[in-house]
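Here is the structure we will look at.
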Amino acid sequence: MIRGKGTRDRERREMKMRGKIWAFMVVVFLISLATMGAIAAKEKPEEGYLAPDITVKSLDGKKTLKLSDLRNKKPVFLNFWASWCPPCRKEMPSIQKLYERMKDEMEFVMISVDSNEDALKKFLKDKDYKFPIYHEGWKKAAELYKIRAIPTTFLIDKKGMIKVGPIQGSREYDKLEDKIREELGIKKRVESGK
């Protein structure tokens with residue numbers, strides 16, 4: 001069969017168009033895969049991921065905190081603990097010292113997983129800790145952060161990315177201040193008189 005020049009040109013244009021359509025479809029497919037992956041991995045309670053957004057209420061009920069509201073403002077020290085937990089009790093004095101030194105540079109989000117609110121209040125009254133305690137909303141927060149043991153701590157940078165964590169078990173955080181500052185990009189404190 002003999003084809004005319006017009007037929008061959010039309011067939012070439014059609015093949016070229018099909019090739020462009022396939023290329024476009026492949027690009028759309030790859031972008032879709034990348035987007036789905038980015039969405040699926042956007043928030044995850046692991047280092048290198050955006051910290052899952054939680055909403056918790058302070059123990060006194062006066063303050064509601066949405067973690068994402070802190071993004072681009074301050075790094076976050078996020079700690080899950082309970083008053084009945086010996087390792088939690090052990091690290092509380094060091095967290096209080098760290099809080100006293102860094103409260104203006106870092107937000108402390110101390111989430112109590114106590115089921116007995118009266119026991120929690122008594123514990124706090126006896127110890128006179130000054131860092132903010134959040135309680136209402138702890139179950140959902142613990143679920144999102146996959147808390148399996150307490151104490152568990154996360155260090156979250158100013159952008160909302162988890163830089164360190166989960167850290168399980170008791171630590172002397174006040175002795176780790178320089179390391180915390182380094183991980184979260186907070187300038188070292190200059191001691192007066194030095």
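The values are calculated or read from the model by the stated rules, or taken from the named source; none is laboratory data. This structure is a prediction, so every number in the text was calculated from the model and none was measured. Note that each Cβ is placed from the backbone with ideal geometry, even for glycine, and that neighbours are counted across all protein chains shown. Quick note on the areas: whole protein, heavy atoms, side chains included, nothing else; ligands and nucleic acids left out. Shrake-Rupley method; radii C 1.70, N 1.55, O 1.52, S 1.80 Å.
Among the residues of the stretch 59-78, count how many are assigned to a strand (DSSP E or B), open to solvent by 70 Å² or more (accessible area, probe 1.4 Å) and of a type outside the set (D, E, K, R). So that I can check it myself, show each step before the final result.
Narrowing the stretch 59-78 to residues assigned to a strand (DSSP E or B): 64-66, 76-78.
Filter once more, so that each one left must be open to solvent by 70 Å² or more (accessible area, probe 1.4 Å): 64, 66.
Subsequent filtering for residues that are of a type outside the set (D, E, K, R) retains 64.
Residues flagged as assigned to a strand (DSSP E or B), open to solvent by 70 Å² or more (accessible area, probe 1.4 Å) and of a type outside the set (D, E, K, R) within the stretch 59-78 amount to 1.
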Worksheet item: Inside the stretch 145-194, can you point out the residues that are among the hydroxyl-bearing types (Ser, Thr, Tyr) and either part of a strand (DSSP E or B) or surrounded by 17 or more Cβ atoms within 10 Å (Cβ to Cβ) (or both)?
Response: Tyr145, Thr152, Thr153, Ser170, Tyr173
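Is the stretch 102-121 home to any residue that is of a type in the set (Ser, Thr, Tyr) and in a helix (DSSP H, G or I)? Let's see the steps before the verdict.
Just the residues of the stretch 102-121 that are of a type in the set (Ser, Thr, Tyr), to begin with: 112, 115.
Applying the additional criterion that residues be in a helix (DSSP H, G or I) yields none.
Taking every residue of the stretch 102-121 in turn, none turns out to be of a type in the set (Ser, Thr, Tyr) and in a helix (DSSP H, G or I).
Lys44: of a type in the set (Lys, Arg), within 25 Å of Arg148 (Cα to Cα) and modelled with pLDDT under 95, yes or no?
Numbers: of a type in the set (Lys, Arg): yes; within 25 Å of Arg148 (Cα to Cα): yes; modelled with pLDDT under 95: yes.
So Lys44 fits the description; yes.
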Worksheet entry | Every residue from the stretch 125-144 that is open to solvent by 90 Å² or more (accessible area, probe 1.4 Å) and either within 18 Å of the chain's Cα centre (by Cα) or under 19 Å from Glu46 (Cα atoms) (or both) | Lys139, Lys140, Glu143
Worksheet item: Which one of these does Thr35 not meet: (1) open to solvent by 100 Å² or more (accessible area, probe 1.4 Å); (2) at pLDDT below 65?
Response: (1)
Discussion item. Could you tell me how many of the residues in the stretch 124-141 are in contact with a strand residue (DSSP E or B) (Cβ under 9 Å, 6 or more places away or on another chain) and not hydroxyl-bearing (Ser, Thr, Tyr)?
Written reply: 10
Worksheet entry | Number of the condition not met by Gln96 [criteria: (1) surrounded by 15 or more Cβ atoms within 10 Å (Cβ to Cβ); (2) over 17 Å from the mean Cα position of the chain (by Cα); (3) under 21 Å from Gly48 (Cα atoms); (4) not hydrophobic (A, V, I, L, M, F, W, C)] | (3)
Discussion item. Among (1) of a type outside the set (S, T, N, Q); (2) in contact with an Asp or Glu (Cβ under 9 Å, 6 or more places away or on another chain); (3) free of Cβ contacts under 8 Å to residues at least 40 places away in the same chain, there is one condition Arg101 misses while meeting the rest; what is its number?
Written reply: (3)
Practice prompt. Write out, first by first residue and then by second, each pair whose Cβ atoms fall under 7 Å of each other, whose residues are 6+ apart or on separate chains, and whose first residue, in the stretch 47-58, is closer than 15 Å to Phe77 by Cβ and assigned to a strand (DSSP E or B) while the second is acidic (Asp, Glu) and open to solvent by 60 Å² or more (accessible area, probe 1.4 Å).
Written response: Val56/Glu136
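Within the stretch 104-115, can you find the residues that are over 19 Å from Lys62 (Cα atoms) and either open to solvent by 90 Å² or more (accessible area, probe 1.4 Å) or more than 18 Å from the chain's Cα centre (by Cα) (or both)? Step through it out loud before you land on a result.
Taking the stretch 104-115 first, the residues over 19 Å from Lys62 (Cα atoms) are 104-106, 115.
Asp104, Ser115, listed by residue number.
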